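Structure, as structure tokens:
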Protein chains: 2
Amino acid sequence: MSSIVSVDTRDIRFPTSLELDGSDAMNPDPDYSAAYVIIRTDAADGHAGHGFVFTIGRGNDVQVAALDALRGHLLGRNVEELLGDMAATWRLLGHDSQLRWLGPEKGVMHMAIGAVVNALWDLRAKRAGLPLWQLLSSLPPEELVSLVDFRYLSDAITPAEALALFRAAEPHRAERVAQLLATGYPAYTTTPGWLGYSDEKLERLCREAVADGFPQIKLKVGADLADDRRRLGIARAAVGPDFPIAIDANQRWDIGAAIGWVNALAEFDPAWIEEPTSPDDILGHAAIARGIAPVRVATGEHVQNRIVFKQLLQAGGMDVMQIDATRVGGVNENIANLLLAAKFGVPVCPHAGGVGLCEAVQHLSMFDFVALSGTMDGRMIEYVDHLHEHFVTPVVVERGRYLAPTTPGAGTEMLARSIDDHTWRGSHAEQVRA
Amino acid sequence: MSSIVSVDTRDIRFPTSLELDGSDAMNPDPDYSAAYVIIRTDAADGHAGHGFVFTIGRGNDVQVAALDALRGHLLGRNVEELLGDMAATWRLLGHDSQLRWLGPEKGVMHMAIGAVVNALWDLRAKRAGLPLWQLLSSLPPEELVSLVDFRYLSDAITPAEALALFRAAEPHRAERVAQLLATGYPAYTTTPGWLGYSDEKLERLCREAVADGFPQIKLKVGADLADDRRRLGIARAAVGPDFPIAIDANQRWDIGAAIGWVNALAEFDPAWIEEPTSPDDILGHAAIARGIAPVRVATGEHVQNRIVFKQLLQAGGMDVMQIDATRVGGVNENIANLLLAAKFGVPVCPHAGGVGLCEAVQHLSMFDFVALSGTMDGRMIEYVDHLHEHFVTPVVVERGRYLAPTTPGAGTEMLARSIDDHTWRGSHAEQVRA
């Protein structure tokens, strides 16, 4: 029997805007940041649960305040009870009616709940001596179904349907675990495609991506059509005619503009258009999908919760689901998202990059392969080579594939020194640029 | 020429859960609260802008942190520039790409931006010596259109269409101002209908509402069908067969449950069903509207932004739009919402109650009447008689009508003593109930 004795939070920021890493049409100067939480117990094992919300700078302090607001739900709690019934733990946090008012189930407060849920999963995986993907893949189908909050989902998927999906995959779990450990999971790279890079850097990075074995690259678009056509031409020439190039507009367009712009890039054969418009515009995504077919629509990194994912699928507005490890209510809600994708037959290609998103989200894709979808066809996890050196178990990507992590935990723990070195001590006024 | 010299924030909470005021199917024990901001300048007039976000207790501190995060955008700014171009001021706050990541345009950060925008409108109205509704109703149609961020709206309404709507109303402004000042704006009351009240209290308050001249009452439903049938029966008997009774489920149901439950209450002839399901479920609202017609669907108090309002209208999921003064990005975004309602021909019946929501939102309905929709037919502002005594210019509701406020400002200023007396100094751990 052990109890939670501390919930430490940190405001961690990296000055990435100085190099224009991560620059796109909507986010010209991100400072990659993490609102970070460490949950410690009085158990003799010394394990702590680590979780975080990825942000891009200003406002990371607000996200930390939201983590702080959850402390009262955690301090002094029995750890075995919390970890042994993560369905009840989700309800404890996600169904707090007063906190729910701040969303509901969206934005700063919802992401904070997700970070705490993820930190508890990290702790549970460490205690189990398993990487999170393997822990989840070892749970009975009944427990997996219980983790999902089906409120507002029952018109799209029921617990019975979810159970049938997990049960159908169960006999194949062992062989798929072996396959993952042997050959890993496909990755695609966004490294070449940031808007702030020169044409020469773009071309060089495209060639390097192909040489490194990645099966797909992604380019940011949406700031200027002539630039996009020039950059896509450079990229297409560099990678050859049959190599997939995804494009990403980061919510830059209205509906009509999206359809026109993507059709004006169709000759470069984009693999998908990502975030063509507001992540809230379900009907808009559906209209865009109709207007640009056969080019596919991908979205998800800013989709606030399972309810919006559900509708994007129901409306035919999302051909590729891009879950994000820290945007929604944690592992539990992402299991709901994976179930929706499986039900609707849509591939999941997670959003990653930022701070620690690759480390975290790989566990969800690998779990999905082993215990749910059972396939890697058309599936890839985004890969960006930023900031991995700050994590205790950084991702290993070789020849275009994520190698399956074997270290216990959820991959969400930063190095103690990195946490200390990058804890932000500035002021709000200082950080607003003139 | 003057500058902003301070942006003070306060965490204000009222222990309303002790009396079960405000209790409903999703919010059993709200502690009505306000994350409050005061913007002071060095001008000789001594005017300050007051704004707030309404919350229901825990997490109000997170909302205050979000207000604090905006201080850097405001301190030292030229006041005349900010107030003279509120379109640019909205973009300064709403288009901060780093803060936008925390939503985008939803939840804690978006509501904080709304509170600051509203505080600046309060300041502008005080400087103009006009109540906000009259200030807005005096602006040229071109300026009103410029206040709206049409990003993600152009498939539903264009600036040219918005301009035409404002211009069509312009010749009638003076007569409508006179009409408002003479006879006010209709109100309906939710006071009888909280779930925590006894049957006797329900019946008494229903009779009082009719006697007081209100044209409609509203009852909370959704916790227990047998209770709802009993309570609606009591209310219907108390008010008579032709008096409108709206019902409000506060997001309690999934789609199928909503349709079944409302149809099981149809014999009591509900005027509308409010928030039957998640405010994020646009397709769900449309399915419910089809499944319960002719009962109307009302929603909006938790609708995160104009993009979701747009889709609810496009999908046929909202027969009554319930704007809220502090849920979205302030006056500017609510003008977008009013324009959408006018374009789609849907009546606006604002959400109010809470802390100061009546005081704030009446200005928007009155502006809508004078300068946009031009009608009060089927329009009513919610009224709840809680906590008005804490405001400098409390609403005046007589014979079921809001009297048009004549005091300069946006109605958002609390009494200095109330602010001090109700500033919360508790801790997170204390506030989590066992």
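The values are calculated or read from the model by the stated rules, or taken from the named source; none is laboratory data. Since we're looking at a predicted model, the values are computed, not measured. Positions of Cβ are backbone-derived with ideal geometry, glycine not excepted, and every protein chain shown enters the neighbour counts.
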Task: Spans of helices (runs of 4 or more DSSP H) in the range B:354-434 with at least 2 residues more than 19 Å from residue B:213 (Cβ to Cβ), touching a helix residue (DSSP H, G or I) at 6+ places or on another chain (Cβ under 8 Å) and hydrophobic (A, V, I, L, M, F, W, C) - done: B:357-371
Open item on the list: Give me the residue from the range B:71-85 that is touching a strand residue (DSSP E or B) at 6+ places or on another chain (Cβ under 8 Å) and facing chain A (nearest Cβ under 8 Å) and, out of that set, surrounded by the fewest Cβ atoms within 10 Å (Cβ to Cβ).
Closed with: B:75
Task: Checking residue B:340 against (1) more than 25 Å from residue B:275 (Cα to Cα); (2) touching a residue at least 24 places away in the same chain (Cβ under 8 Å); (3) assigned to a helix (DSSP H, G or I), the condition it does not meet - done: (1)
Open item on the list: Being in a loop (DSSP other than H, G, I, E, B) and either among the β-branched types (Val, Ile, Thr) or closer than 18 Å to residue A:144 by Cβ (or both) is the filter here; which residues of the range A:318-337 pass it?
Closed with: A:323, A:325, A:326, A:328, A:329
Task: Candidate set from the range A:275-332 (those that are aliphatic (A, V, I, L, M) and under 25 Å from residue A:143 (Cβ atoms)); member that is surrounded by the fewest Cβ atoms within 10 Å (Cβ to Cβ) - done: A:313
Task: Qualifying positions in the range A:144-167 - without any contact (Cβ under 8 Å) to a residue 40 or more places away in the chain and in a helix (DSSP H, G or I) - done: A:145, A:159, A:160, A:163, A:164, A:167
- [ ] Collect the residues in the range A:338-347 that are of a type outside the set (Gly, Ala, Ser) and within 17 Å of residue A:316 (Cβ to Cβ), keeping them in residue-number order.
- [x] A:340, A:343, A:344, A:346, A:347
TODO: With respect to residue A:382, determine if the residue is more than 18 Å from residue A:134 (Cα to Cα), crowded, with 17+ Cβ neighbours inside 10 Å and acidic (Asp, Glu).
DONE: yes
- [ ] Output the residues belonging to the range B:119-143 that are among the hydrophobic types (A, V, I, L, M, F, W, C), under 16 Å from residue B:338 (Cβ atoms) and part of a helix (DSSP H, G or I).
- [x] B:121, B:132, B:133, B:135, B:136
Open item on the list: Against the conditions (1) of a type outside the set (A, V, I, L, M); (2) touching a Phe, Trp or Tyr at 6+ places or on another chain (Cβ under 8 Å); (3) away from every other protein chain (no Cβ under 14 Å), where does residue B:406 fall short? Just the number, please.
Closed with: (2)
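Okay, residues lined up against (1) of a type outside the set (A, V, I, L, M); (2) closer than 27 Å to residue B:342 by Cβ:
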residue	(1), (2)
B:375	yes, yes
B:385	yes, no
B:397	no, yes
B:403	no, yes
B:406	yes, yes
B:418	yes, no
B:423	yes, no
Open item on the list: Given the criteria surrounded by fewer than 24 Cβ atoms within 10 Å (Cβ to Cβ), touching a helix residue (DSSP H, G or I) at 6+ places or on another chain (Cβ under 8 Å), within 14 Å of another protein chain (Cβ to nearest Cβ) and not basic (Lys, Arg), does residue A:166 qualify?
Closed with: no
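Yes or no, residue by residue, for (1) free of Cβ contacts under 8 Å to residues at least 60 places away in the same chain; (2) facing another protein chain (nearest Cβ under 9 Å); (3) hydrophobic (A, V, I, L, M, F, W, C); (4) buried (at least 23 other Cβ atoms within 10 Å of the Cβ):
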residue: B:26; (1), (2), (3), (4): no, yes, yes, no
residue: B:36; (1), (2), (3), (4): no, no, no, yes
residue: B:44; (1), (2), (3), (4): yes, no, yes, no
residue: B:47; (1), (2), (3), (4): no, no, no, no
residue: B:51; (1), (2), (3), (4): no, no, no, yes
residue: B:55; (1), (2), (3), (4): yes, yes, no, yes
- [ ] For residues that are more than 14 Å from chain A (Cβ to nearest Cβ) and among the small types (Gly, Ala, Ser), scanning just the range B:138-163, find the one that is farthest from residue A:280 (Cα to Cα).
- [x] B:138
- [ ] Kindly provide the set of residues from the range B:4-24 that are outside any loop (DSSP other than H, G, I, E, B) and crowded, with 16+ Cβ neighbours inside 10 Å, ordered by number.
- [x] B:4, B:7, B:9, B:10, B:11, B:12, B:13, B:16, B:17
TODO: Identify, from the list B:176, B:127, the residue that is closer than 23 Å to residue B:50 by Cα and not acidic (Asp, Glu).
DONE: B:127
Open item on the list: I need the full set of residues from the range B:146-184 which are among the β-branched types (Val, Ile, Thr) and under 21 Å from the mean Cα position of the chain (by Cα), in order please.
Closed with: B:148
Task: Residues located in the range B:195-209, provided they are buried (at least 18 other Cβ atoms within 10 Å of the Cβ) and either at pLDDT 95 or above or of a type in the set (Gly, Ala, Ser) (or both) - done: B:202, B:203, B:205, B:206, B:209
Open item on the list: Show me the helices (runs of 4 or more DSSP H) found entirely inside the range B:25-110 where at least 2 residues are within 23 Å of the chain's Cα centre (by Cα), of a type outside the set (Asp, Glu) and over 30 Å from residue B:218 (Cα atoms).
Closed with: B:60-68, B:86-94
Task: Lone qualifier among B:375, B:393 - being farther than 24 Å from residue A:96 by Cα, among the polar types (S, T, N, Q) and in contact (Cβ under 8 Å) with a residue 12 or more places away in the chain - done: B:393
Open item on the list: Considering only residues that are more than 8 Å from every other protein chain (Cβ to nearest Cβ), out of contact with any strand residue (DSSP E or B) (no Cβ under 9 Å at 6 or more places or on another chain) and within 17 Å of residue B:52 (Cα to Cα), which ones fall in the range B:95-122?
Closed with: B:113
Task: Residue, surrounded by the most Cβ atoms within 10 Å (Cβ to Cβ), within the range B:169-194, restricted to residues that are of a type outside the set (S, T, N, Q), touching a residue at least 12 places away in the same chain (Cβ under 8 Å) and assigned to a helix (DSSP H, G or I) - done: B:180
Task: Evaluation of residue A:251 against (1) polar (S, T, N, Q); (2) closer than 23 Å to residue A:146 by Cα; (3) touching a Ser or Thr at 6+ places or on another chain (Cβ under 7 Å) (one fails), failing number - done: (2)
